[in-house]
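Structure first, commentary second.
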Amino acid sequence: MKIHECVSFILMSGSRVLLEKRSKHKETDPGLITIPGGHIEDDETQIQALFRELDEELNVIPTEYKYLCSLYHPTKELQLIHYFVVSGWKGEIVVQEADAIQWHSLGSAPVDIAADSVALKEVERVSHYL
């Protein structure tokens with residue numbers, strides 16, 4: 001089975017995290033509340049994909065980011081999601097692909113994907129070091 005690599009970005013503002021409600025027209029995870037992200041293209045590194053996806057999804061450029069962890073997400077395809085915590089960015093956040101975005105308290109973020117839930121727990125666990 002082919003593994004599809006993806007990046008997801010955990011935008012943090014203090015102790016709040018930005019989540020998206022995915023478009024109902026998306027092929028994977030339609031209509032779910034998730035951490036934003038997308039597929040890594042064949043000729044990209046994880047960091048290049050992080051920058052491209054942040055621009056495509058939210059119209060911002062990361063200025064402070066750290067790799068967090070990688071987790072598998074079985075959906076219509078097997079994804080390996082590389083999570084990054086983004087604590088600084090340039091530009092104003094503009095929703096460009098999702099139906100909506102909303103800030104949530106890190107401890108009670110209502111994500112619909114198990115891997116996203118694990119990643120947010122990892123942020124809480126290691127936040128002192130980020």
Just one of 72, 83 is in a strand (DSSP E or B), within 17 Å of residue 116 (Cα to Cα), of a type in the set (Phe, Trp, Tyr) and open to solvent by less than 10 Å² (accessible area, probe 1.4 Å); which is it?
-> 83
So which residues in region 86-97 are surrounded by fewer than 18 Cβ atoms within 10 Å (Cβ to Cβ) and either under 18 Å from residue 122 (Cβ atoms) or hydrophobic (A, V, I, L, M, F, W, C) (or both), if there are any at all?
-> 87, 93, 94, 95
Of 64, 56, 124, which residue is open to solvent by 60 Å² or more (accessible area, probe 1.4 Å), assigned to a strand (DSSP E or B) and out of contact with any Lys or Arg (no Cβ under 8 Å at 6 or more places or on another chain)?
-> 64
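Being more than 21 Å from residue 26 (Cβ to Cβ) and either part of a strand (DSSP E or B) or not aromatic (Phe, Trp, Tyr) (or both): is that true of residue 92 here?
Values: more than 21 Å from residue 26 (Cβ to Cβ): yes; either part of a strand (DSSP E or B) or not aromatic (Phe, Trp, Tyr) (or both): yes.
The answer is yes for residue 92.
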Of those in region 2-11 that are open to solvent by 20 Å² or more (accessible area, probe 1.4 Å) and part of a strand (DSSP E or B), the residue nearest to residue 54 (Cα to Cα) is 5
Specify the residue that is nearest to residue 18 (Cα to Cα); the eligible residues are those in region 95-119 that are part of a helix (DSSP H, G or I) and of a type outside the set (D, E, K, R).
-> 106
Between residues in region 17-30 that are over 11 Å from residue 116 (Cβ atoms) and residues that are of a type in the set (Val, Ile, Thr) and part of a strand (DSSP E or B), which pairs lie under 6 Å by C-beta distance while being six or more apart or on different chains?
-> 18/101; 21/33; 22/34
Could you give every pair whose Cβ atoms fall below 7 Å, whose first residue belongs to region 37-59 and is farther than 13 Å from residue 8 by Cβ, and whose second residue is polar (S, T, N, Q) and surrounded by fewer than 16 Cβ atoms within 10 Å (Cβ to Cβ), counting only separations of at least 6 or pairs across chains?
-> 56/96; 59/96
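Residues that are over 23 Å from residue 112 (Cα atoms), open to solvent by less than 10 Å² (accessible area, probe 1.4 Å) and in contact with a strand residue (DSSP E or B) (Cβ under 7 Å, 6 or more places away or on another chain): does region 33-40 have at least one?
no
Of all the residues that make up region 13-53, how many are part of a loop (DSSP other than H, G, I, E, B), in contact with a Phe, Trp or Tyr (Cβ under 9 Å, 6 or more places away or on another chain) and of a type in the set (Gly, Ala, Ser)? I'd like the intermediate steps shown before the answer.
Filtering region 13-53 down to residues part of a loop (DSSP other than H, G, I, E, B) leaves 14-15, 22-32, 35-36, 40-45.
Cutting the leftovers down to in contact with a Phe, Trp or Tyr (Cβ under 9 Å, 6 or more places away or on another chain) gives us 35-36.
Among the residues that remain, those that are also of a type in the set (Gly, Ala, Ser) are: none.
Number satisfying all stated conditions: 0.
The values are calculated or read from the model by the stated rules, or taken from the named source; none is laboratory data. Since this is a predicted model, take the numbers as computed values, not measurements. Cβ atoms come from the backbone with ideal geometry, glycine included; neighbour counts cover every protein chain shown. Side chains included, ligands, DNA and RNA excluded: accessible areas come from the protein's heavy atoms. Shrake-Rupley method; radii C 1.70, N 1.55, O 1.52, S 1.80 Å.
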